[in-house]
Amino acid sequence: MIRTGLLLIIGLTILFSACNAVPIEYHHIPLHHGLGMLEIRDNDFFDTTYSWVHELDCDCCHQRKYRLSDARFPILMENGWKYPQPDSAWQLTVLQPENPACDTSFQVDHQEMKNQIKYINGQYWGDPYWVYSRIRKIDGHDFLILGWEIKHYQRYNNQNVQELLAITSIDGEKVTLDFSCRRGDCGNFLRRSYWLLENMKILKSP
């Protein structure tokens with residue numbers, strides 16, 4: 001009798017757990033040139049999506065961009081070398097070369113990590129505080145991951161900066177994810193962005 005009651009309790013617990021389970025929702029980000037799709041866990045970071053081609057002055061400079069952002073912050077589609085730079089942002093941008101024959105020699109390795117760190121340091125007045133600098137496998141793909149923070153950056157009206165850059169190669173093509181926050185208080189944007197990256201799925205085209 002006790003055994004039957006125990007089994008009944010276990011069964012009811014499993015049933016109620018199944019009924020209360022909330023399915024995981026995803027943002028689906030299409031990759032160009034037949035590379036498939038990225039699945040990013042749905043979250044309260046982003047409620048707006050848009051895409052465009054950032055045109056520059058050479059064929060291999062043009063970039064396709066797909067952006068998730070927060071509608072409370074300025075929406076900007078960069079174009080050309082000079083474009084207005086808002087002092088606040090809360091967004092994820094996925095970048096690919098517009099021409100699929102470009103950036104095919106990119107390698108995820110420690111030399112490229114050094115090159116990226118040197119380039120990023122050169123973009124700021126003063127050195128960023130580095131939080132992440134590692135190579136990590138995510139859903140079967142090697143990613144070069146860099147995360148940094150700058151407090152009270154003068155160029156952006158003393159806003160704080162948190163940025164996470166994740167770069168990989170999918171079928172020989174460079175794909176970059178750029179999580180970016182610029183505001184008075186970015187909170188745990190960097191840590192939560194890293195969590196979203198770790199839980200991302202890469203769906204290849206059939």
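Structural remarks
- Selection over the stretch 102-131 of residues that are without any contact (Cβ under 8 Å) to a residue 40 or more places away in the chain and hydrophobic (A, V, I, L, M, F, W, C) gives a count of 4.
- Any hit, the stretch 91-101, residues being surrounded by fewer than 12 Cβ atoms within 10 Å (Cβ to Cβ) and of a type outside the set (Val, Ile, Thr): yes
- Flag if Glu78 is open to solvent by less than 60 Å² (accessible area, probe 1.4 Å) and not polar (S, T, N, Q): yes
- Within the stretch 71-101, no residue satisfies the criterion of being without any contact (Cβ under 8 Å) to a residue 24 or more places away in the chain and of a type in the set (Val, Ile, Thr).
- Subset of the stretch 169-196 [assigned to a strand (DSSP E or B) and either crowded, with 21+ Cβ neighbours inside 10 Å or of a type outside the set (Ser, Thr, Tyr) (or both)]: Ile170, Glu173, Lys174, Val175, Leu177, Asp178, Phe179, Cys181, Arg182, Arg183
- Considered as a group, the residues in the stretch 146-161 that are in contact with a Lys or Arg (Cβ under 8 Å, 6 or more places away or on another chain) and modelled with pLDDT of 90 or more include one that is farthest from Lys201 (Cα to Cα), and that residue is Asn160.
- Of residues in the stretch 119-138 being surrounded by 15 or more Cβ atoms within 10 Å (Cβ to Cβ) and either basic (Lys, Arg) or out of contact with any helix residue (DSSP H, G or I) (no Cβ under 8 Å at 6 or more places or on another chain) (or both), the one nearest to Ile202 (Cα to Cα): Arg136
- Any hit, the stretch 3-21, residues being within 26 Å of Ser169 (Cβ to Cβ) and either assigned to a loop (DSSP other than H, G, I, E, B) or at pLDDT below 85 (or both): no
- Residues in the stretch 157-172 that are closer than 17 Å to Asn121 by Cβ and either β-branched (Val, Ile, Thr) or in contact (Cβ under 8 Å) with a residue 40 or more places away in the chain (or both): 3 in all.
The values are calculated or read from the model by the stated rules, or taken from the named source; none is laboratory data. What you see is a predicted model; the values in this text were computed from it and never measured. Counting neighbours? That spans all protein chains shown, and the Cβs are built from the backbone with ideal geometry, glycine included. We work out accessible area using only protein heavy atoms, side chains counted, and drop any ligands, DNA or RNA first. Shrake-Rupley method; radii C 1.70, N 1.55, O 1.52, S 1.80 Å.
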